[in-house]
Every structure is written in C-alpha cells, then in structure tokens.
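Below is one structure, written out as structure tokens; comments come after it.
Just so it is clear, none of the values below were taken in a lab; they were calculated from the coordinates. Fair warning: this is a prediction, and the values are worked out from it, not measured in the lab. Cβ placement follows ideal geometry from the backbone for every residue including glycine, while neighbour counts extend to all protein chains displayed.
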Amino acid sequence: MSPRPDYFRVFLTFAGNSLVREMMFHVNFLIECVSSVTWTMMNLGFYLLIFHHTDSIGYQTGWGKWEFFAFLATTMLVNSIVQAFFMPNCEDISELIRTGGLDFALLKPIDTQFLISLEKIDWSSLANFAAGLVLLIASLIQMTTRAENPLTLHPLSLVLYVFYVLCGVAILYSLMIALSATSIWLGQNRSLYDFWFYITNFSRYPMEIYEGRLGTPLRWFCTYIVPVLIVVNVPAQIIARPISPDGSTSVWPLAGFTVIATAASLIASRWVFQASLRSYRSASS
Amino acid sequence: MLSRAQTWWMILRIALQERLVYRGDFALGTLMRFLPIVTQIFLWMAVFAARQGDQLAGYSYRDFVAYYLLTMVARAFSSMPGLSSGIAAQIRSGEVKKFLIQPVDLLGFLLLGRVAHKLAYYTVATLPFALVFFLCRGFFPGWPSATALAAGVLSLVLCFLLGYFLEAALGLVGFWWLEVSSLLFVYMLFSFFLSGHMFPLDMLPQPWHTLVELTPLQYLAYFPAAVLLGKIEGWDLVRGLCIEAGWVLFFALLARVLWHYGTRHYSAYGG
C-alpha cells in the first residue's frame, strides 16, 4: 500500500462512478439538464425585461446590457461548478453526522475533507455551465464587434478570468464546507443552508449597486468580512471591464485582495472543518 | 348539522395546535424571507439611478419597494408549500383511502388545515411583518383608501382560495400520473416569473402583457399588491375582483371534478 493515495485518480473514480449512476437514468438526467437551463433562460428573460427599460445597471457604472450579460454568464459558470462538485456532498454532511456514516469516512486512508467534499458529482448541473459559456461568448462577440466603444480582449484577460473564476469557486466552497461542518456542533443545519442561500444571493449583482447609507456598509461587509461579492465581480470586471467614464475604478487592487481572500478562506475553512471533526462523537457507537 | 360543525371545528383546532409548536423557528424564518428582497431593492435602486429618477411603467422607486413588500403579504396568503406534492404522495402511498372510508371530505379537510396554517402563521408572523413595514414606512404613499383597503383584503382572501384550489387540482392530477413533480416544476417556473413577485407586471411589453393578463397567476401576487398600492381603481378594480372570483370558482370546480373522476379511476396502491 502506498503511503500517500493518488488523489487525482481517486477523484477520477468518483467522477466516473457519478457519471455511471446518472446515466442509469438517462431520461431523468436529460430532464434535469433541461429544467435547470429553463430556469436560467427565464432569469435571462427577467434581465432582458430590465434592459428593455434601462440602458445600464446604475448611473454611469458601465454595466450596460452586454457587460451585465457577461457578468450573468460568470455567475452561471461559478454557481454551476459549485453545484456540480460540492453542493451534493455538503448537503449530505449533516446526514453523515446524524447517521454516524462519518465513521466510515474517517477510517479511510485518505484526507477526510477531500473524501466527503468530492464523493458525488452532479453532472446535470454542468448543463448550466455550457449555457453560461454560450452566453459569455455571445456577450463577448457583441462587445468586441460593436461600433461604439468596442472591447479589446487581451489573451491575458482570458487566463486571468479562468483563474479568478476558480478563486470564486474556492471562496464559495470554503463558505459551504465551513457552514456544513458546523452541523457537527449543532446536530442539524437546515437554517444554515438557508443562510448560505441568502448570503450568496448578494454575489449575484454588480457591487456598484450597493450604495448609500445601508448599501455601503453592506458592500464593505460582503467584500472584506464574508467575501461573497468578489466571487463574481472580479472575474466579470476583468473580462467585461466596465470602467466608469471618469476612469477612476480599477479592478487590480480588488483582484490582488481576491487572491489573499481566497487563500484565507481556504485556510479558515480547513481549520473550521478539522476543529469540528475533533468534537465529533460518533452517533452509531 | 351541529355535530358536523363540531367535527370541522375540532380539525381546525388540532391543525392550529400542530402549527404553533415551532413558533420561534417560524418568526425567524419570516424575517429571513425578507433578505432576498434586499438585493432586489438595491438592483431596482440602480436601475432607477440609471434612469435618472424617471418613473418606470408608472412606478417610482418608492412604489417599487412598497410593491415588493406588499407582494410578500400576497405570497404569504397564496403560497401553499407542499400541498400538491402532499396530495400526490397520499395518492401514491394509498393513504388517500382514509378519505374514501371516513365521512370526511379531502378538499374540505386540507382546506381547514391550510386555514389553520395561515392563521397560525399570521399570529406569529405579524410581528416581523409589522417591524419591516414600520421600518419601511417612508416608501409607502400613505395608508390606502378605505375602498382600496377593503378590496385589497377581499383580493387577499380570494388569492388564498385561488392558491389552494389551483395547487389542490395540480395534486389531484396524481390520480392519473402518480408523480406530478414535473408538472409542479412547470407551474413553479411560470408562477415564479409571471405571478408578479419578481417585478410589477405592468413592466411587460406587448404582447406579453396581454398574455399574462389572461392567466390566473397574476392574482397570486401582482393583483392584491397593486390594489393595496392604489394602482388599480374604479371599474378595473371591480372587473379584476370578479375575474379573480371566477378563477377561484373555476379551480374549485376543477378540483371537485378531478376528485370525483380520480376516485373512480383509483386502484388503491399500498397496503
């Protein structure tokens, strides 16, 4: 037995097994793909309606129709990755603790956090990933080919975009695993999931909309304390670059902060997870 | 007659006590429900900022916030969590048999359960609702007129009944399909966007506006909120209330008919 398991091969096995499981009910798989894409399309319709009545989100923020659709595509990409890889597993953690199934995960000669974060993959959620990609490409084509103020796309932007999308996924994952690990202490965490849903709700819009007496502290809180606002905003600004006409906003300080925030979130969630494991008292014995 | 009334009274009381067990969770849950609206409000604030304060489809920014809060009230009346899927599950598991044997009517029994649920919900939820409305009082144009208030309350009662019979009818389709989750998905999808709790339906361009007007979905959220805001007045108001009552009657009859034929079609699965 090798002292260190080959994590990548284990992951591939997980992915393969999940795919086999989903393909057993392939009609169900297709229906799930279609229904999640339909939700997204309805959502798109909602934003089309908004842009029927306005040219941009916020006064001179630069978030015009296609910039915002690139933003929306980024939301779809980040959320679909989180939903495909981490959501089905984190949902199960409280169940693992309640039934004592966590015992078996702890006994396996592999990192427990890795095992219980990636065991199942919901392939049908990746349908939204494809939809997001189509929307992103469509928006980029619109922005680069328009007559007025066209966007010039640097290859480096694309590389950075991918990097920051992954940072966003890592931040959301950290938040999710930390929240579900607390179910070891609380026994049940249903309301925590609602909490997770509500807090990521804030990440879905450009950060410029949080303005005013209530909005500015909220933006500050969701950027620096619970960094959900930078999850989508930073990659979307890098690719669509809605710079306000006075040219004052630059994404780079925030992008630098994102790297630090990602690392800090991962470390903090790892710490929470391991601390909660230490207080785990098996339910089955 | 009296014993019948006593039976129904007892059902209502039991259901009410059942619902009041988790009142703390209830109150907190109600406050949490306002959270998604916060982002919506910021979104519309940004849209109005881009329009430089112009009205949008006859709504000012303040109207929008007030509209959102009022649709929360309407949704609290019309939403029936788990009703359709519950009925379908009872049909599938064979539990529905008890309504065939006992002298209790399924639609009446479940309706009382929902009335009790809503009564319990409002006894506990009034406080968080009152708190939010008090904090946001600046967004309202003032108290609605007596007519608007009376019509609003009537439309809320009707929207509760509409929500109940509509979802009960969907659940009763389970006599034929057994599994109604795909049907429910389609219903949820349309009611989420077209009942008006995402945006006031006046925003829709033609021909969508007319199409949405023809569906009963607008009475689940848009109509009561718009009435309470004083956006619908005079003959339009009377006409709207009549159509809403018509839809209630339609779905009540539909649910009856589905129940009538469904029980004849039913072949008692389960033990």
For the stretch B:142-222, state which GluC sites (Glu not before Pro) are in a DSSP loop and have at most 15 other beta carbons lying within 10 Å of their beta carbon. B:Glu179
Would you calculate, for the protein assembly as shown, the mean residue ellipticity at 222 nm contributed by helices, counting each DSSP H stretch of 4 or more residues as -39,500 (n - 2.57) and dividing by all residues, to the nearest 500? -24000 deg cm²/dmol
Output ordering of B:170-176, B:150-156 (per-residue mean of other Cβ within 10 Å, highest first) is B:170-176, B:150-156
Taking B:102-108, A:61-67, B:243-249 and ranking on average Cβ neighbours within 10 Å, highest first, one gets A:61-67, B:243-249, B:102-108
Just counting partner chain Cβ atoms within 10 Å, what average do the residues of peptide A:202-214 show around their Cβ? 3
Would you order B:Met32, A:Met76 from fewest to most other beta-carbon atoms within 10 Å of each residue's own beta-carbon? B:Met32, A:Met76
Volume per residue of the C-alpha convex hull in the stretch A:7-278, rounded to whole Å³: 149 Å³
Neighbour counts of other C-beta atoms within 10 Å: give me A:Tyr164, A:Tyr224, A:Tyr173, B:Tyr187 arranged from fewest to most. A:Tyr224, B:Tyr187, A:Tyr173, A:Tyr164
When chain B is modelled as a GNM with alpha-carbon springs shorter than 10 Å, which of B:Ile91, B:Ile14, B:Ile232 fluctuates the most? B:Ile14
From fewest to most C-beta neighbours within 10 Å, the residues A:Asp111, A:Asp122 line up as A:Asp111, A:Asp122
In the structure displayed, which of B:Lys97/B:Lys118; A:Lys120/B:Lys97; B:Lys98/B:Lys118 lie more than 31 Å apart, Cα to Cα? A:Lys120/B:Lys97
When only C-alpha pairs under 8 Å and at least 6 residues apart count, what is the relative contact order of chain A, in percent? 26 percent
Would you please give the FRET efficiency between B:Thr147 and A:Leu44, computed as 1/(1 + (r/R0)^6) with r the Cβ-Cβ distance and R0 = 41 Å, to the nearest 0.05? 0.55
Just tell me how shielded B:36-45 is by partners: mean number of partner chain Cβ atoms within 10 Å of each residue's Cβ, no decimals. 6
Rounded to the nearest 0.05, what FRET efficiency do B:Ala57 and B:Phe133 give with R0 = 22 Å and r taken as the Cβ-Cβ distance? Could you check? 0.40
